[in-house]
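Have a look at the structure below before the remarks.
The values are calculated or read from the model by the stated rules, or taken from the named source; none is laboratory data. Every value quoted in this text rests on a predicted model; they were computed, and no experiment measured them. Positions of Cβ are backbone-derived with ideal geometry, glycine not excepted, and every protein chain shown enters the neighbour counts. All accessible areas refer to the heavy atoms of the entire protein, side chains included, with ligands and DNA or RNA removed. Shrake-Rupley method; radii C 1.70, N 1.55, O 1.52, S 1.80 Å.
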Amino acid sequence: MSIINFRSRILIKNVLRGLLWLAGLIALFYFFEEYTHFNAFLEHIAQWPFAVYSVFTASEIIFGIIPPEFFVKWSESHGLFNTYVANVALLAIISYAAGVLGYYIGANLRNVPLFKPYFDRYIRRYRNLLNRYAGFLIVIGAVTPVPFSAICMLVGATNFNFNKFLLISLTRFLRFIFYSAALFYI
């Protein structure tokens, strides 16, 4: 099997998983809006936009515990700015910055004595393979539900070129553009 076929299969599989995830989230949002007091909850937490942005930032740094789409939905009618586009852009910038921070965490964590044995055992063994596919992994993490911050940490741990990382990580904005448009129009 060629490398291109392998990459294509993984990319298609993860994009389909992302589309299923998006469809599930839209159905979940519809259910919550129709059968619960979800909008009242959004109105309630809208009183503290900095707290919401702080939770989003922490989630994005700590392996993306809460899907960003929940925050995108919240920003539809709330947030620091008067427009949905500006609020989503802020979320995308926060997510991108969290990925850069994840890269630095991964790059520096390998020097911590507590983690050094694990990095020596796992990262060094697969360093060439990880570096070879790092760009592909970044794109997968950026546009699909795969945790972006975890991929950034892994890539940082392998000493992947930082400038290439910054450039490839810009694909993270595609996820926010696509998902916010889908959530807004559906």
Which residues, counting only those in segment 56-73, are among the β-branched types (Val, Ile, Thr) and farther than 15 Å from TYR96 by Cα?
-> ILE65, ILE66
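Which members of segment 149-186 meet the condition of being open to solvent by 50 Å² or more (accessible area, probe 1.4 Å) and within 16 Å of the chain's Cα centre (by Cα)?
Answer for segment 149-186, where residues must be open to solvent by 50 Å² or more (accessible area, probe 1.4 Å) and within 16 Å of the chain's Cα centre (by Cα): LEU154, LEU167, LEU170, PHE173, LEU174, ILE177, PHE178.
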Does segment 150-158 contain any residue that is under 21 Å from LEU16 (Cβ atoms) and out of contact with any Asp or Glu (no Cβ under 6 Å at 6 or more places or on another chain)?
-> yes
Quickly run through segment 135-148 and pick out the residues that are part of a helix (DSSP H, G or I) and either touching a Leu at 6+ places or on another chain (Cβ under 8 Å) or surrounded by fewer than 23 Cβ atoms within 10 Å (Cβ to Cβ) (or both).
-> GLY135, PHE136, LEU137, VAL139, ILE140, ALA142, VAL143
Apart from one, (1) surrounded by fewer than 19 Cβ atoms within 10 Å (Cβ to Cβ); (2) at pLDDT below 85 all hold for GLY64; the odd one out is (1)
Matching residues in segment 115-132 - criterion: being in contact (Cβ under 8 Å) with a residue 12 or more places away in the chain and either assigned to a loop (DSSP other than H, G, I, E, B) or among the charged types (D, E, K, R) (or both) | ARG127
Have a look at ALA40, ALA58, ALA27 and point out the one that is part of a helix (DSSP H, G or I), more than 24 Å from PRO147 (Cβ to Cβ) and either out of contact with any Pro (no Cβ under 7 Å at 6 or more places or on another chain) or at pLDDT 80 or above (or both).
-> ALA40
Residue list for segment 103-127, restricted to those being surrounded by 12 or more Cβ atoms within 10 Å (Cβ to Cβ) and either of a type in the set (A, V, I, L, M, F, W, C) or touching a Pro at 6+ places or on another chain (Cβ under 6 Å) (or both) = ILE105, ALA107, LEU109, PHE115, PHE119, ILE123
